[in-house]
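The values are calculated or read from the model by the stated rules, or taken from the named source; none is laboratory data. From a predicted model like this one, the values you see are computed outputs, not experimental measurements. All Cβ positions, even for glycine, are placed from backbone atoms using ideal geometry, and neighbour counts span all protein chains on display.
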């Protein structure tokens with residue numbers, strides 16, 4: 001019999017790549033069990049503190065951060081933060097008495113999941129990246145289930161019998177918009193090839209600079225752009241706003257329309273981005289963020305390239321080769337079609353609902 005008053009703590013924070021899959025899992029569990037209650041745990045100064053309450057979920061913060069591989073003063077506080085966050089996590093779990101604790105990777109997971117294991121609470125991990133983060137590698141051996149998005153992730157985990165390849169949850173709204181609707185929203189021409197460029201909410205300086213240098217030439221050649229430049233772009237966007245072949249802004253609120261309009265996507269290779277690209281079957285040029293922990297974005301991108309679903313350009317080379325590679329790709333419709341087909345094969349559109357069902361199944365067995 002399904003437990004009615006289900007209580008779940010979800011540890012998710014630091015980046016959208018950890019937070020959005022966590023919210024998607026909660027949403028899917030709520031569809032199955034509308035009475036389920038959730039408490040998200042993260043940092044008060046990161047994206048989760050804004051996104052989680054917006055989605056209607058309760059949020060609590062703990063004092064934790066990652067350990068920098070470079071010499072930084074913050075590292076001196078790391079041992080103290082670990083101790084304090086463990087104590088905070090312990091009391092949050094004792095107070096809320098959850099039926100399960102779910103972690104979606106990142107340093108926030110460490111203390112919360114470890115406290116749950118000490119208190120013998122069932123734990124579930126979801127790892128979106130091809131190369132698993134430190135928290136996942138350390139905790140995977142004692143978790144009830146470890147969900148992964150890439151088959152190769154399993155080789156780095158302590159156990160193999162608790163690992164399930166299932167994909168990364170994505171928003172249901174993706175794929176509900178036609179190309180015509182997407183083009184219309186951005187006031188572009190449906191007869192022209194359209195390139196979507198984005199690098200996350202803050203933007204990507206290297207991608208932005210490369211696009212800035214080539215965009216006028218390419219729009220004069222009949223290619224149009226939807227360009228999310230981010231809040232930290234280092235140039236005035238108004239210099240491009242008069243070009244009718246360019247939509248440019250700091251942020252795109254309705255990404256489902258941008259994806260729908262795009263024939264080719266230029267972006268980073270975070271796990272959530274790749275899950276969205278493969279759910280929709282988009283041809284892409286990936287520029288991995290070079291400073292990601294353990295260079296996991298390069299591992300992610302390689303998985304796509306090896307499957308024929310994407311091209312990859314190293315961040316250090318993007319300014320010199322992006323224009324040439326983009327022109328070459330747009331001139332090869334056969335290549336784009338192949339990339340679309342291979343991308344779709346990698347897509348896991350039902351990942352969220354499958355994870356939710358497995359979690360509820362696990363708890364019903366307790």
For the range 18-48, enumerate the residues that are in a helix (DSSP H, G or I) and surrounded by fewer than 17 Cβ atoms within 10 Å (Cβ to Cβ). 31, 32
If you go through the range 222-241, how many residues are under 23 Å from residue 182 (Cβ atoms) and free of Cβ contacts under 8 Å to residues at least 24 places away in the same chain? 2
Against the conditions (1) in contact with a helix residue (DSSP H, G or I) (Cβ under 6 Å, 6 or more places away or on another chain); (2) over 19 Å from residue 14 (Cα atoms), where does residue 55 fall short? Just the number, please. (2)
So for the range 3-17 (the condition being closer than 22 Å to residue 358 by Cβ, over 21 Å from the mean Cα position of the chain (by Cα), exposed (fewer than 14 other Cβ atoms within 10 Å of the Cβ) and modelled with pLDDT under 95), does at least one residue qualify? yes
Within the range 72-91, is even one residue assigned to a strand (DSSP E or B), crowded, with 18+ Cβ neighbours inside 10 Å, at pLDDT 90 or above and in contact with a helix residue (DSSP H, G or I) (Cβ under 9 Å, 6 or more places away or on another chain)? no
Residue 278 - would you say it is surrounded by 18 or more Cβ atoms within 10 Å (Cβ to Cβ) and at pLDDT below 95? no
What number of residues within the range 250-270 satisfy the criterion of being surrounded by 15 or more Cβ atoms within 10 Å (Cβ to Cβ) and more than 19 Å from residue 313 (Cβ to Cβ)? 8
Mind listing just one residue for me: the one in the range 224-238 that is modelled with pLDDT under 80 and farther than 13 Å from residue 210 by Cα and, of those, surrounded by the fewest Cβ atoms within 10 Å (Cβ to Cβ)? 236
Could you count how many residues in the range 1-56 are in contact with a strand residue (DSSP E or B) (Cβ under 7 Å, 6 or more places away or on another chain) and more than 21 Å from residue 362 (Cβ to Cβ)? 8
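Conditions (1) within 16 Å of the chain's Cα centre (by Cα); (2) not in a strand (DSSP E or B), marked per residue:
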site	(1), (2)
124	no, no
130	yes, yes
182	no, yes
191	no, yes
222	no, yes
227	no, no
Filter the range 145-165 down to residues that are surrounded by fewer than 19 Cβ atoms within 10 Å (Cβ to Cβ) and touching a strand residue (DSSP E or B) at 6+ places or on another chain (Cβ under 6 Å) and give me whichever is nearest to residue 114 (Cα to Cα). 162
Candidate set from the range 193-214 (those that are touching a residue at least 60 places away in the same chain (Cβ under 8 Å) and assigned to a loop (DSSP other than H, G, I, E, B)); member that is surrounded by the fewest Cβ atoms within 10 Å (Cβ to Cβ): 201
For the range 133-165 the number of residues that are over 19 Å from residue 16 (Cα atoms) and either touching a residue at least 12 places away in the same chain (Cβ under 8 Å) or in a loop (DSSP other than H, G, I, E, B) (or both) is 23
